[in-house]
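This report concerns only the one structure given below.
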Amino acid sequence: MQKTLPKKKKFGYAFGIFTESLIYNMFYTYYLTFLVEIVGIQPRFASIVIFISIAWDAVTDPMIGSYTDRAGVDKRKVMKMSVVPLALVFVVAWTSFGAGFSSQLIKVLVYTLISMLIWVFYTMYTIPYYAVVAELTEDYDERTDIRSLSSLLNAVAVGLGNILPALVPTVAVLLTEKYQSNAYAVIAMIISLLAVLFGFVCCKSLQGIYTPKSAEIGTEKSTVRGTFRSFGEVLKLKPAKWFLLFVFFFLAASSMIQSNLTYMVIDCIGMEYDTGITFVILSLVVFMAITVPLVEKTAQKKDRRFAAILFLSLTCVGEVILKCVGLDVRVGNFPIMCILSPALLGMGAGTFWTLFYSMGYDLVELDEFKNGKRRESIITALPQLVQKFGSAFGILAAGQLLSLYGYDASADVAGQEDLIHRVTDAHIVNGMENIATSIPAVLIAVSVLACVAYPMTRKTFEALKTQLEKKRAGETYSTEGFQHIL
């Protein structure tokens, strides 16, 4: 296994994050808004569409992960063959059929099926994309370095995935009246073309540094029973349960805030959509980019667990302060929360995506030591399964809360392309503010507590790695220094 990867290869691999992040961010930030405002699905049903599609994807994660762990399966080829179908289905998902359907049920069924397809192809790309790092290197800091580089580029991808859809009103003006409702589809086409380009760049970069597992090393044949048996073995690893709780609750908080950004800008902060969303996304991207190197330095000086606890605690406290101050506060005439609120989301997202996968990679060596198997894709798929349920829960909660607070723009008909009419009901606006601040703060607090309980530190990992190398070599080994994680 190669210990030090060439920088050119690291950059090529890291650019693959664009394929995943562009689609992920456009979906999570705008799809709830698209379904409610353009397609005309009521919020409580629109959030169910998203929940079902992502939950379905979580169900497919184990099988895809198990398959890509099999001997002879080339993760690079799986990634490559998923990119084009992902791009095509993504464009269809943003095409407005809503005006032609009067039934909420038909709309729900159509968009649920389409979005389910998105997530199947998305998972076929992302599981091997993330899992392959654990096969490229076992070095603690190099794994952090690769993920940090990927997260830094992810800040740019987050910006594109959010800013390009913000141009929908401008694109709509350029289209004829008949096709204005498909302005989102035009943006989705641009996003998809970029996703295909960067996906192929990533696959090309893996040539020469990645070799599929040979038949001699191999793993058992992929079956449903075998997959869930593998999941059960991984779940029995002591650090796994705390790691998965950390993942679930942070993603629930982050997706709740992200899916509510449009309403936060217009109704809570009180800005025009075009101007407000631009400030919000730029602040999100800038603070995410600032956070990534700080998190990396902290993780290298201490360890990943400490960095996660520190920066996510700051995010949590910040969200509480925002609620106490109010999102409509201004400095002079400038609505300062269009900078501060997304800055906190950027800090949290930059921290999470820098550390999430590299923390999960540590379980690969623990699994090998305890169970005698290397299951990189399974150990990537399990957190992704929890990630999907956490994200789906956050969006579901946001949609249901919007309905509970009394918001419904659809009136059971297709929405308008001019996006959202400003809400004047103070109760609804307060609810939207809660969805953006206090409720996510509680979820992030639980995530931090799970991270505190997570026992895998740098010292523990190094002790494990030393004894694992002895075990591989057939030498006498012990569990000194990591008994508490077994």
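The values are calculated or read from the model by the stated rules, or taken from the named source; none is laboratory data. Quick caveat: nothing in here was measured; it's all calculated off a predicted structure. When we count neighbours, we look across all protein chains shown, and the Cβ atoms used for this are built from the backbone with ideal geometry, even at glycine. These area figures cover heavy atoms from the full protein model, side chains too; ligands, DNA and RNA do not enter into them. Shrake-Rupley method; radii C 1.70, N 1.55, O 1.52, S 1.80 Å.
Between the residues TRP94, LEU160, VAL84, the greatest Cα displacement towards the positive end of the dipole of the range 55-175, with unit charges on the Cβ of Lys, Arg, Asp and Glu, is found for TRP94.
Karplus-based coupling profile of the range 265-279, in residue order and whole Hz: 4, 7, 9, 8, 7, x, 10, 5, 4, 4, 5, x, 5, 5, 4, with θ = phi - 60° in 6.51 cos²θ - 1.76 cosθ + 1.60 and x standing for Gly or Pro.
Ranking of PHE311, PHE461 by solvent-accessible surface, largest first: PHE311, PHE461 (1.4 Å probe, protein heavy atoms only, all chains present). Of the residues MET189, PHE18, VAL329, the one whose Cα sits farthest towards the positive end of the charge dipole of the chain is PHE18 (charges of +1 on Lys and Arg Cβ, -1 on Asp and Glu Cβ, taken about the Cα centre).
According to the calculation over all Cα-Cα pairs in the range 322-451, the P(r) per 10 Å bin from zero is 9, 28, 29, 19, 10, 4, 0 %. Taking each residue as 0.36 nm, the span from ASP274 to ALA473 lengthens on full extension beyond its C-alpha to C-alpha distance by 65.5 nm.
Peptides 48-58, 466-476, 295-305 ranked from most to least packed by the mean count of surrounding Cβ atoms within 10 Å: 48-58, 295-305, 466-476.
Accessible surface of TYR210, taken over heavy atoms with a 1.4 Å probe and every protein chain present, rounds to 20 Å².
Any idea what the dipole of the chain comes to, in debye rounded to 20, about its Cα centre with Lys/Arg Cβ at +1 and Asp/Glu Cβ at -1? Please report the intermediate quantities before stating the final value.
Details: 42 positive and 38 negative charges, 339 e Å.
Using only the charged Cβ atoms, the result is roughly 1640 debye.
Compactness ratio for the chain: Cα radius of gyration over 2.2 N^0.38 Å (N = residue count) comes to 0.96. Counting only Cβ charges, +1 for Lys and Arg and -1 for Asp and Glu, the dipole size of the range 135-207 around its Cα centre is about 500 debye.
For the peptides 138-145, 87-94, residues were scored by their other Cβ atoms within 10 Å and the scores averaged per peptide; the highest-first order is 87-94, 138-145. Taking the protein heavy atoms of the chain in the context of the full set of protein chains, the accessible area attributed to carbon and sulfur is 67 percent at 1.4 Å. Using a probe of 1.4 Å, the accessible surface attributed to CYS202 totals some 0 Å² when neighbouring protein chains are kept in position. Candidate cross-link partners of LYS8 among the lysines, defined by an alpha-carbon separation under 21 Å and a same-chain spacing of 8 or more, comprise LYS75, LYS77, LYS80, LYS204. Only lysines eight or more places from LYS236 in sequence, or on another chain, were considered; those with a Cα closer than 16 Å are LYS370, LYS373. For the range 188-316, the Kirkwood radius over C-alpha pairs fed into Stokes-Einstein at 25 °C and 0.890 mPa s yields D = 125 µm² per second.
A simple rule links phi to the HN-Hα coupling: the Karplus curve 6.51 cos²θ - 1.76 cosθ + 1.60 with θ = phi - 60°, which for the range 109-126 gives 5, 4, 6, 5, 4, 5, 5, 4, 5, 3, 6, 5, 5, 4, 5, 4, 8, 6 Hz, with x for Gly and Pro.
Taking 0.36 nm per residue of separation and subtracting the Cα-Cα distance, full extension of the segment from LYS77 to GLN483 would add 142.3 nm. The radius of gyration of the Cα set in the range 1-116, together with its Dmax, comes out at 17.8, 59 angstrom.
If you roll a 1.4 Å probe over the heavy atoms of the protein chains, what accessible area per residue do you get for the chain, in Å²? Provide the component values of the computation, followed by the final result.
Details: 17990 Å² over 486 residues.
Ligands and nucleic acids excluded, the figure is 37 Å² per residue.
Here LYS301 is the anchor, and the aspartates and glutamates within straight C-alpha reach of less than 14 Å, apart from those fewer than 8 places off in the same chain, are ASP141, GLU142, ASP145.
Which value, in debye to the nearest 20, describes the size of the charge dipole of the range 337-486 about its Cα centre when Lys and Arg Cβ atoms bear +1, Asp and Glu Cβ atoms bear -1, and nothing else is charged? Display every interim value, and only then the final one.
Values: 12 positive and 15 negative charges, 166 e Å.
Dipole of the range 337-486, to the nearest 20 debye: 800 debye.
Rolling a 1.4 Å probe over the protein heavy atoms leaves THR4 with an accessible area of roughly 100 Å². The order of LYS323, LYS204 by accessible area, most exposed first and with a 1.4 Å probe, is LYS204, LYS323.
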